Every structure is written in C-alpha cells, then in structure tokens.
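Peer 1: Questions regarding the structure given below will be posed in turn.
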Amino acid sequence: MDYDVVVAGGGPVGLMLACELRLGGARVAVLERLTEVDPTIKGGAITTPGAEALYRRGLLPAMAEVQRQAMDRFQAFIRERNGGDGGVAAGQGLGIVGHFAGIMLRADLVDRTEPGLGDAGPAAEIAFVTQQDIERLLGGRADELGVDVRRGVELTGFDADDGAVTVRTSHGALRAGWLVGCDGGRSTVRKLAGFAFPGTDPEITCHQAVVEMTGAEDLTVGWTATGTGVYAHGPMPGRIVTVEFDGPPADRDAPVTTENLQARLRRVCGVDVTITGVRTATRFTDHARQVTEYRKGRVLLAGDAAHVHSAFGSQGLSLGIGDAMNLGWKLAAVIGGHAPERLLDTYTAERHPVGAGILDWTRSQVAAMRPDPQSRALREIVSDLAQTTVGTTYLTARLNSAGVRYALPGEHPLTGRSAPDLELTDGSRLADHLHGGRALLLDLTDNPDLRALTAGYADRVDTLTAGCPSRPELAAVLIRPDGFTAWAADAGAHAPTPTSTSTSTSTGGLAETLQEWLGEPESAVTPG
C-alpha cells in the first residue's frame, strides 16, 4: 500500500480527518485539486461543536486570535456606520449567539444551565472564525503531523475491492486501504461509488458577497425581512446576503456579476444601492440531501460529500468537523488492528441522525423566511419566542447541537454526550488532556481499581487522576478520542475490581466499555 487512507478533498473536513488519522498512526494522503485556499466568501462563523473539537486538539489560542481580528473588523464597520463612534465597547462582542432564519438570538437570554449550553468551556466563546481561517489552521496542523497534502491533484476515478482501493488522479495512481470522500457537495467520490443521495429540491437563490457600494447608509444592519425576501448587511464592511424565493439559479456555475448582485440587492431591500466593486461573491440554494449510509465497503464519506443544506446558521462546517472527529479515530483503530471493522458501522449510526437533524433545521428556516402571509405569520411567532429565555435557549441549543446524544449503553446522563470541559484541581481543563487524540480515563476519586482496568490499554488510553470541585458527584469518566463520553460513574457507587464483569451502569461496566470501543487489552492480544 502507498497509504493507509487517501482523503479526497483538502478543505477543513478533509484536513481535520487527515489529522485525526495521523494521530491514530495511519499513513494519509490528501488530494486537493486547488493549489491554495479558495478565497471565495464561504462560511463566516463556526458553531460550538466545531470550536470544541478544534479546542480539544490545541487550536484554541489560534482561533481566539482570528476571532479578535474579526471583532476588530466589526468595530471598523460600526465606526463607519456611526460616523466614527465605535458604538460597542472593546471586547463586548456582538451580544448575539447566532440567528434562526435571520431572527437574532440574544446572548443575555440564553439559560446556560441547560445541558450542553454551559459546559463547553472557552470553546463556547468562539464563533467568528471563517472557513478559510480554519482551513489555514488545519493545513498547518497537517504539516506538523506529517500528512502528505497534495495540492493541485484531483481524483479522477477509483477501483475498490475487498482488500484495497486504487485511486486514479490527475498525477497518477495511488493504492490505499481506504478512500474517504471529503470533496464537497458535488462529490466525485459519492457519485462514482453510487451512494444514494435523497432529499428535497431547492426553492430559493441566495447570494453572499463582500462589495464596495454607495447608498449603503439606508441599509439596515443585520438581517431584515422584506416583502420580496430577506437580506443581511454586515457584520463586516461591504458584506451583503440576499435571499429570494424565485427558484434555484438556471446555471449554478455562471459567474456572479456586479449587475446581477446590484439588481437582486435592490429588489430585496428596496434601496437604490449602487455596487461599484465586488471583492468576492458566491451563490447558494437550499437543496437538502443526505446519503442513506456513510460507508460502502472501503469507501466512506464525510462533510458536504455526505450531506448538503443551506448555509443558514453556519452549521455545515461544524457538522463536517464532527464527522471527521467521529470517523478518524475509528478508522485508525481498525487500520492499527485494535478494533474490528464493524466499529465503522457506528460511524453512520451516530452521525447520520445528527446530519438529518441539521437538514430539517435549515429547512425550517426557509419556511420562516418565505414572503407569503402564512410564513410571515409564522415568523412573527418565532420572533416573539426569540425574545424569551425559554425560546432563545431552545433555539440556541438546536443551533449548537446541544441535544446530541449518541445511543451508547449506559444510563448516566453524560454517556453518549460531548464531555463537559471540566475544571480540574491542577489548574487544567479537560480539553488540555485531549490534544493527542487518545481516549482518556479521568479518575476523580483516586481509585486504583479503575486505573487497573486501563492498564492493558496504555497504548490507547491516557489516565489522569485529579479532582473536580465543581462536579463533586462524579467519580470517573471515560472519554473517547472524539471527546464523547463512553462511560461515566458517580461517586459513592460500588467500585469495580480489575476482573469485574458487572454490567451495572453506575460504576461497573468499564471493562466492557473499554473492550467495545478500544478492542482487547494488550495483555489479551496474541502476538503474531
């Protein structure tokens, strides 16, 4: 084999997956047809699950710096609008946590005591990091880890059998054990492999651009619904978005012209804005589709190759990064011989419902944006709900996938959920101990019997003994490499012995959980 895995697509999802595979010891090549990061305007923000994943891999300081620069641009925008008055105190931020169909969600109305909304640590403060920024950060990370990123190389075809995949490219052929398509919504891998891709057809045409214009002083800042559609202005100078319910574009590949942008903006906003220059522009629709399975033999999909939807809410980037985090450690474990191939079945089982939920979430936003009387009445109701703590908390939780819980064995409230970013007595946080992409047993009661159970997994599991004053009820937590809780136990329950076969969901069952997700302990593996 030339590589263990070939990843088609070198955007954020493909690079994230490659990094996860390298942390698990796999040899990886990334094929990216573009020679550099695409400067076309794309996702301008990231939701908490994506920020949390990057935080767990040590990229929080870099993201925080990128966000600081974004906030400086926002300040410049506000000063420009207010004739030199900044209007927002430095460090105050936007005061919002996102939007639903252009209805802004105020940060001060979010109840952070709700599960999943108050336990992400510093990652919850990260939002304004663009897709290009994340791609650059992950590109540097991939270089550090030794990923073979081949830019200017395009996948043209492949042949897969029971033992390997031969990948044909514009620069020759490669042979690998596995192929993962992270090549976007028009995925070549998905089409050639024959994945079913059902869903709903588009009904809108959206344009997003950064332009130079005159007459913009009459545009409302933020999102505005009008009689002909919806538009957005800001939060950076010259950024505009238009949403029109005139069907999908006749030619998705046609260039976005200055004249077309100006006509659409005037039609939606009703203001005689004149666009004098276009820095970057793109169009998108609301078609929502998802493959029925994320794996066919030795070919898998992640990110937009597996699911497409409108960009409302900026959830696509985090959804794809979540796919990469879920798949990376599992595929690396199979390649390394620590886990059976059936472990890969849990990839579709866990991630497909998450993707399906976000597709419906974006569909619902389109319903609340339509300019017909029924939809505008619905929009008024949602707007009223978004002025309440209960309504904003619910919408924020959905926006940030706070309710995601994988169907894992065990009744503990943490099991199957993204692990909380616990503050530990040594001054560290939980995420500080997840940078290496390994599983972690967090022992909060200094229990040698618990640690003895992980002794045979020293090559796959890190063990940390510490205290956590803010969660005195917790005794121990086993965190998978993707940051999700595989097993948890509360203090005061019966402690297992190293030979325990208990299936209790309080403190027993750790041995079974380790074996389920991480394979046999080293002492049980027969050499050769």
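Peer 1: Would you please list the contacts, defined by Cβ atoms under 8 Å and residues six or more apart or on different chains, that run from a residue in the stretch 337-349 that is farther than 17 Å from T513 by Cβ and among the acidic types (D, E) to a residue that is in a helix (DSSP H, G or I) and open to solvent by 20 Å² or more (accessible area, probe 1.4 Å)?
Peer 2: Short answer, once both residue conditions are applied: E341/V334.
Peer 1: Same structure again: Is at least one residue of the stretch 254-267 assigned to a strand (DSSP E or B) and open to solvent by 50 Å² or more (accessible area, probe 1.4 Å)?
Peer 2: No; the residues of the stretch 254-267 include none that is assigned to a strand (DSSP E or B) and open to solvent by 50 Å² or more (accessible area, probe 1.4 Å).
Peer 1: List, please: which pairs have Cβ atoms under 8 Å, are six or more places apart or on different chains, and start with a residue in the stretch 69-80 that is at negative phi and part of a helix (DSSP H, G or I) and end with one that is polar (S, T, N, Q) and modelled with pLDDT of 85 or more?
Peer 2: A70/T130
Peer 1: Let me ask another. Exactly one of these conditions fails for K191: (1) over 26 Å from the mean Cα position of the chain (by Cα); (2) at pLDDT 95 or above; (3) open to solvent by 70 Å² or more (accessible area, probe 1.4 Å). Give me its number.
Peer 2: Unmet for K191, out of (1) over 26 Å from the mean Cα position of the chain (by Cα); (2) at pLDDT 95 or above; (3) open to solvent by 70 Å² or more (accessible area, probe 1.4 Å): (1).
Peer 1: Hey, can you tell me all the residues within the stretch 140-195 that are among the acidic types (D, E) and assigned to a strand (DSSP E or B)?
Peer 2: Within the stretch 140-195, D148, D159 meet the criteria.
Peer 1: Please list, ordered by first then second residue, the pairs with beta carbon atoms under 8 Å, 6 or more apart or interchain, first in the stretch 22-40 and farther than 29 Å from G337 by Cα, second of a type in the set (V, I, T).
Peer 2: Close Cβ pairs (under 8 Å, with a partner that is of a type in the set (V, I, T)) amount to R33/V153; P39/T280; T40/T280; T40/T282.
Peer 1: Still on this structure, I have one more. Mind listing whichever residues of the stretch 284-308 are under 14 Å from the mean Cα position of the chain (by Cα) and part of a loop (DSSP other than H, G, I, E, B)?
Peer 2: A302, A306
Peer 1: Next up: Just to confirm my filter: which helices (runs of 4 or more DSSP H) fall fully inside the stretch 342-459 and include at least 2 residues that are more than 30 Å from I103 (Cβ to Cβ)?
Peer 2: Numbers: elements: 345-367, 373-385, 389-399, 448-453.
Answer list for the stretch 342-459: 345-367, 448-453.
Peer 1: Given the criteria surrounded by fewer than 20 Cβ atoms within 10 Å (Cβ to Cβ), of a type outside the set (V, I, T), closer than 22 Å to G436 by Cα and at pLDDT 95 or above, does L343 qualify? Even if it seems obvious, please write down each step before you answer.
Peer 2: Numbers: surrounded by fewer than 20 Cβ atoms within 10 Å (Cβ to Cβ): yes; of a type outside the set (V, I, T): yes; closer than 22 Å to G436 by Cα: yes; at pLDDT 95 or above: yes.
Against the criterion (surrounded by fewer than 20 Cβ atoms within 10 Å (Cβ to Cβ), of a type outside the set (V, I, T), closer than 22 Å to G436 by Cα and at pLDDT 95 or above), L343 qualifies.
Peer 1: Restricting attention to the stretch 434-444, which residues are surrounded by 17 or more Cβ atoms within 10 Å (Cβ to Cβ) and either at pLDDT below 95 or in contact with a Lys or Arg (Cβ under 9 Å, 6 or more places away or on another chain) (or both)?
Peer 2: L434, G437, R438, A439, L440, L441, D443, L444
This table checks each residue for (1) modelled with pLDDT under 95; (2) surrounded by 17 or more Cβ atoms within 10 Å (Cβ to Cβ); (3) more than 24 Å from P49 (Cα to Cα); (4) of a type outside the set (A, V, I, L, M).
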{"position": "A431", "(1), (2), (3), (4)": "no, yes, no, no"}
{"position": "L453", "(1), (2), (3), (4)": "yes, yes, yes, no"}
{"position": "P481", "(1), (2), (3), (4)": "no, yes, no, yes"}
{"position": "G492", "(1), (2), (3), (4)": "yes, no, yes, yes"}
{"position": "P496", "(1), (2), (3), (4)": "yes, yes, yes, yes"}
{"position": "T526", "(1), (2), (3), (4)": "yes, no, yes, yes"}
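Peer 1: Please determine, by comparing only the residues of the stretch 204-251 that are part of a strand (DSSP E or B), over 25 Å from the mean Cα position of the chain (by Cα) and β-branched (V, I, T), which one is surrounded by the fewest Cβ atoms within 10 Å (Cβ to Cβ).
Peer 2: Result: T214.
Peer 1: I've got another one for you. Could you tell me how many of the residues in the stretch 278-307 are touching a helix residue (DSSP H, G or I) at 6+ places or on another chain (Cβ under 8 Å), open to solvent by less than 30 Å² (accessible area, probe 1.4 Å), of a type outside the set (D, E) and on the phi < 0 side of the Ramachandran plot?
Peer 2: Residues flagged as touching a helix residue (DSSP H, G or I) at 6+ places or on another chain (Cβ under 8 Å), open to solvent by less than 30 Å² (accessible area, probe 1.4 Å), of a type outside the set (D, E) and on the phi < 0 side of the Ramachandran plot within the stretch 278-307 amount to 12.
Peer 1: Looking at D426, D462, D449, which one is closer than 27 Å to L60 by Cβ and either open to solvent by less than 70 Å² (accessible area, probe 1.4 Å) or among the small types (G, A, S) (or both)?
Peer 2: D462
Peer 1: I've got another one for you. Filter the stretch 1-42 down to the residues that are open to solvent by 50 Å² or more (accessible area, probe 1.4 Å) and closer than 13 Å to L179 by Cβ, then identify the one that is modelled with the lowest pLDDT.
Peer 2: Step by step, filter the stretch 1-42, then rank; the result is M1.
Peer 1: Consider only pairs whose beta carbons are under 8 Å apart and that are at least six residues apart or on different chains; among these, list those whose first residue lies in the stretch 456-469 and is more than 20 Å from P481 (Cβ to Cβ) and whose second residue is open to solvent by 60 Å² or more (accessible area, probe 1.4 Å) and of a type in the set (S, T, Y).
Peer 2: Here the result reads G467/T425; C468/T425; P469/T425, each pair linking the stretch 456-469 to a residue that is open to solvent by 60 Å² or more (accessible area, probe 1.4 Å) and of a type in the set (S, T, Y).
Peer 1: Take A511 and decide whether it is modelled with pLDDT of 95 or more and within 33 Å of the chain's Cα centre (by Cα).
Peer 2: So A511 fails the test.
Peer 1: In the stretch 1-55, which residues are aromatic (F, W, Y) and farther than 30 Å from I96 by Cβ?
Peer 2: Passing the criteria: only Y3.
Peer 1: Among the residues of the stretch 392-417, count how many are over 30 Å from Q515 (Cβ atoms) and either open to solvent by 20 Å² or more (accessible area, probe 1.4 Å) or free of Cβ contacts under 8 Å to residues at least 60 places away in the same chain (or both).
Peer 2: 4
Peer 1: Also, I was wondering about something else. In this structure, does E380 turn out to be within 30 Å of V461 (Cβ to Cβ), among the acidic types (D, E) and open to solvent by 20 Å² or more (accessible area, probe 1.4 Å)?
Peer 2: So E380 does not fit the description; no.
Peer 1: So, one more: Of (1) open to solvent by 40 Å² or more (accessible area, probe 1.4 Å); (2) within 23 Å of the chain's Cα centre (by Cα), D201 satisfies all except one. Which?
Peer 2: Going through (1) open to solvent by 40 Å² or more (accessible area, probe 1.4 Å); (2) within 23 Å of the chain's Cα centre (by Cα) one by one, D201 breaks only (2).
Peer 1: I'm checking my understanding of the structure. Among residues of the stretch 117-138 that are under 15 Å from the mean Cα position of the chain (by Cα) and part of a loop (DSSP other than H, G, I, E, B), which one is surrounded by the most Cβ atoms within 10 Å (Cβ to Cβ)?
Peer 2: Once the filter is applied, the top-ranked residue is V129.
Peer 1: Where residues in the stretch 410-433 are within 17 Å of the chain's Cα centre (by Cα) and of a type in the set (A, V, I, L, M, F, W, C), which of them is nearest to V354 (Cα to Cα)?
Peer 2: Taking the candidates together, the pick is A419.
Peer 1: Among (1) part of a loop (DSSP other than H, G, I, E, B); (2) farther than 24 Å from R57 by Cβ, where does A339 come up short?
Peer 2: (2)
The values are calculated or read from the model by the stated rules, or taken from the named source; none is laboratory data. For clarity, every value in this text was computed on a predicted model and none was experimentally measured. Counting neighbours? That spans all protein chains shown, and the Cβs are built from the backbone with ideal geometry, glycine included. Side chains included, ligands, DNA and RNA excluded: accessible areas come from the protein's heavy atoms. Shrake-Rupley method; radii C 1.70, N 1.55, O 1.52, S 1.80 Å.
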